[in-house]
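What follows is calculated from the coordinates using simple rules that are stated; it is not laboratory data. Because the structure is predicted, anything quoted here is derived from the model rather than measured. In this analysis, Cβ positions are derived from the backbone assuming ideal geometry, glycine residues included, and neighbour counts consider all displayed protein chains.
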């Protein structure tokens, strides 16, 4: 099966030279979801924005990003405008700020339809109502005429999903789609996303720092640390037998019902500051299993879907 | 909280709200007065039956048969007439229904509530009709500067870089341009035959405030998620600017525009007071003040200056109240 989105050795430098994404490779398949996890500031969002070609002016990207074989990094701006919304789309963490406060929800959902399918306003508005009800909003007709501040957080996120999916894109990037929501609403949004993935064969790139979200909604997972993907593979494998010490530490730091009453295991130290150049493995200063060789170079272990970057992996 | 603050704080927000409402009501009144000036004060009545003919709204239609009549003469000849509230036109000289013949200016009395000028023209009628010139100059000029300022400010904030540098320098240059003295100099070279050059000139010179605000708002808005979200959906720059940036940049710009209306009205008055303004015989408040200069001290016709002055002050106050209310509304949301 060939990948829907194929990212290879993607590097991104922000204006000013900070390299926030470093040699990142991953694939998203149709009908599957890839979870991109990591701490704040590890480059998850930058990687997604680089794929969408939405990094700020002056940012430099290298490597290759291919959507069904079409290279995105070299495509002209006009082609990217065409692809955005119709082939690949994105939703954001904060549904409150991702909706324009002065436009009705319906007209924002219709935005993509008027841009890509050149629908007349009335047809687009009618389609927006259908889309709203397809993401599980009861009373869609009324809600389409509402302004963002009149909706709850969960409903706003549903509306954003409806807007992102209006033109039936094949790839959806969801940047922390549940972080700003209540736990119960989180579960609803996740099941909406996984449902859409199954029904429409949507490829889903889910960015999150919540391992629970990954295990609930993802088929594959890629763990990012300081701009690099340190380990990736199918969720079940990675979670049951993590190889990279960082993945293992993240999994240990999770609260669980079994360890009630015990303090959570915390990972000592800090993520290296943005753009700092560190030879060898970036995790080395915080790693209890570090060897001398870790300071020199990073190994690439594994083939295909299951890969990690460690000289001294957990479980050896 | 000090006792004084305790006294003040409880009623302050309410008082602010009240002031905003007062401002809006006064603005509404002004606009209605300006639009309906011909129905409020006219030499011809609202309806009249004379010589076996019924005329409806002759004040607006001005039928040629009534060319030589006014509400004073019609009172004698007509079967019946329905007069305007102020039965005098703005340019009707020695207007009187009681047939007085003494020398004008006439002081305020029961017939001319605010008196007349030296040609016997009713001051209240001229004030009512003058509101048209003053308001249309104020709003017209601000409308032009709103368009120019929004366009330049939004473009500067959106594209940044070289575009921003050029537009911002242009804004600064326009900011230092002495509009008032420019008009005085211009009046030395050519004569204004209508208010249009004033409106266009003020509009094209008074946009820097608005451009600066629009630029600042755009700089803020361009980083917001919903702008990013619109780009994710494939919206073009033009579409994002028109649908997402401009509407959200409007509130602070509108506040500035409201104060700008007051400023433009004041400037028109100042220019007219120096004899550079709307050409006679069109009534404008500034022109009324200009005429008042000569009769103020001798024969002491205070009413010529005081009432137009109050009208100007009241209008400026109204616009400031509305602007303050808008500002308040916006800082709360």
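Condition first: crowded, with 22+ Cβ neighbours inside 10 Å and away from chain A (no Cβ under 13 Å). Now tell me which residues in region B:243-255 satisfy that. Even if it seems obvious, please write down each step before you answer.
Step one: of region B:243-255, the residues crowded, with 22+ Cβ neighbours inside 10 Å are B:244-245, B:249, B:253.
Scanning region B:243-255 gives a single hit, B:253.
If a residue has to be at the interface with chain A (Cβ under 8 Å from one of its Cβ atoms) and part of a helix (DSSP H, G or I) to count, how many in region B:228-242 make the cut? Show your work before the answer.
The initial filter retains those residues of region B:228-242 that are at the interface with chain A (Cβ under 8 Å from one of its Cβ atoms), namely B:228-236, B:239.
Okay, now just the ones that are also part of a helix (DSSP H, G or I), so B:228-232, B:239.
Going through region B:228-242 one residue at a time, the tally reaches 6.
Can you tell me which of B:202, B:173 is under 27 Å from the mean Cα position of the chain (by Cα) and either within 14 Å of another protein chain (Cβ to nearest Cβ) or free of Cβ contacts under 8 Å to residues at least 60 places away in the same chain (or both)?
Details: B:202 fails: either within 14 Å of another protein chain (Cβ to nearest Cβ) or free of Cβ contacts under 8 Å to residues at least 60 places away in the same chain (or both).
On inspection, the qualifying residue turns out to be B:173.
How many residues, within region B:282-317, are touching a residue at least 40 places away in the same chain (Cβ under 8 Å) and under 14 Å from residue B:192 (Cβ atoms)?
Residues meeting the conditions: 4.
Filter region A:187-203 for residues that are in a helix (DSSP H, G or I) and surrounded by fewer than 21 Cβ atoms within 10 Å (Cβ to Cβ) and give the result.
A:187, A:188, A:191, A:192, A:194, A:195, A:196, A:198, A:199, A:200
For every residue, the table says whether it meets (1) surrounded by 22 or more Cβ atoms within 10 Å (Cβ to Cβ); (2) within 12 Å of chain B (Cβ to nearest Cβ); (3) under 25 Å from the mean Cα position of the chain (by Cα); (4) farther than 23 Å from residue A:227 by Cβ.
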residue	(1), (2), (3), (4)
A:66	no, no, yes, no
A:76	no, no, yes, yes
A:79	no, yes, yes, yes
A:96	no, yes, yes, yes
A:113	yes, yes, yes, yes
A:131	yes, no, yes, yes
A:141	no, no, no, yes
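Hey, among the residues in region A:98-111 that are within 11 Å of another protein chain (Cβ to nearest Cβ) and crowded, with 24+ Cβ neighbours inside 10 Å, which one's nearest to residue A:45 (Cα to Cα)?
Among residues in region A:98-111 that are within 11 Å of another protein chain (Cβ to nearest Cβ) and crowded, with 24+ Cβ neighbours inside 10 Å, the one nearest to residue A:45 (Cα to Cα) is A:98.
Hey, could you check region A:143-163 for residues that are closer than 13 Å to residue A:110 by Cβ and under 25 Å from the mean Cα position of the chain (by Cα) and say which is nearest to the other protein chains (Cβ to nearest Cβ)? Outline the logic, then answer.
Quick first cut of region A:143-163, residues closer than 13 Å to residue A:110 by Cβ only: A:144-145, A:159, A:162-163.
The next check asks that each one be under 25 Å from the mean Cα position of the chain (by Cα); those that pass are A:159, A:162-163.
Working: A:159: 11, A:162: 11, A:163: 7 Å.
This residue is A:163.
Out of the residues in region A:81-94 meeting the condition of being touching a strand residue (DSSP E or B) at 6+ places or on another chain (Cβ under 9 Å) and free of Cβ contacts under 8 Å to residues at least 40 places away in the same chain, tell me which one is surrounded by the most Cβ atoms within 10 Å (Cβ to Cβ). Steps first, answer last, please.
Step one: list which residues in region A:81-94 are touching a strand residue (DSSP E or B) at 6+ places or on another chain (Cβ under 9 Å), which gives A:83-84, A:87-93.
Those still in the list that are free of Cβ contacts under 8 Å to residues at least 40 places away in the same chain too: A:83-84.
Details: A:83: 21, A:84: 26.
Restricting to residues being touching a strand residue (DSSP E or B) at 6+ places or on another chain (Cβ under 9 Å) and free of Cβ contacts under 8 Å to residues at least 40 places away in the same chain, the top hit is A:84.
Among the candidates A:177, A:169, which residue alone is crowded, with 24+ Cβ neighbours inside 10 Å, more than 11 Å from every other protein chain (Cβ to nearest Cβ) and in a loop (DSSP other than H, G, I, E, B)? Walk me through it before giving the result.
Values: A:169 fails: more than 11 Å from every other protein chain (Cβ to nearest Cβ).
Checking each option against the conditions leaves just A:177.
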